[in-house]
Amino acid sequence: MPQPDAEALLATLAGAMHGRVGPDTALVGIHSGGVWVAERLQERLALTTPIGTIDVAFYRDDFESRGLKADVRPSAMPFEVEGRDIVLVDDVLYTGRTIRAALNVLFDYGRPARVRLATLVDRGGRELPIAADFVGGSLAVSADDVAVLERTAAGRLSLTITRSDGAA
């Protein structure tokens, strides 16, 4: 399977958002890939509000079965959430459970005027009624495939699809 071009997906996503977000729109990235995508989107869209970050580790409904990741990070909202237009940003949209958890975290900070969702890739497989407003691209992959976003030291993004057994 050819690997998707994450930089091209990012350009498509930014294009979809251009003119549909205002200068006061706040991007909130979900750790860690969503934060990387949000950083790049903020630059491309010339948004001025600092990026918020969310770690959903303690909010997931499958916490007991998945366990706690070793690299849990604090969530941070360097802006007032109350009444703000927010775009929640994730790298890969799959079951919708991460987004549900992220919304719970976000509402702990206040009640936004509106929340939209941007994702670099939608791979289908939804278990909850969650849909992205802005999408870089869609992937037709099996449930056994894992999509992983990585970032180089220079900030370039790459997306790798592997079988859950580790085969490329």
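The numbers here are math on the coordinates, done by the rules we state, and not lab data. Model, not experiment: these values are computed from the prediction. Ideal geometry is used to build each Cβ from the backbone, glycine not excepted, and the neighbour counts take in all protein chains shown.
Things worth noting here:
- Annotation: the antiparallel percentage among DSSP beta bridges lying fully within region 6-163 is about 30.
- Sorted by Cβ density within 10 Å, fewest first, the residues 39, 127: 127, 39
- Matching label, Kirkwood radius over Cα pairs in Å computed from the structure shown, candidates (i) 16.2; (ii) 16.6; (iii) 15.7: (i)
- Calculated mean residue ellipticity at 222 nm for the chain: -7000 deg cm²/dmol, from DSSP H runs with n ≥ 4 weighted as -39500 (n - 2.57), summed, divided by the residue count and rounded to 500.
- Which of 94, 59 has the fewest Cβ neighbours within 10 Å, and the rest in rising order: 59, 94
- Per-residue 3J(HN,Hα) values for region 73-89, derived from phi via the Karplus relation 6.51 cos²θ - 1.76 cosθ + 1.60 with θ = phi - 60°, read 10, x, 7, 8, 10, x, 8, 7, 6, 3, x, 8, 7, 10, 10, 7, 10 Hz in sequence order (x marks Gly and Pro).
- Least to most buried among 87, 81 (fewest other Cβ within 10 Å first): 81, 87
- Averaging the Cα positions of each part gives two centres, and for region 111-132 and region 83-109 these lie 7 Å apart.
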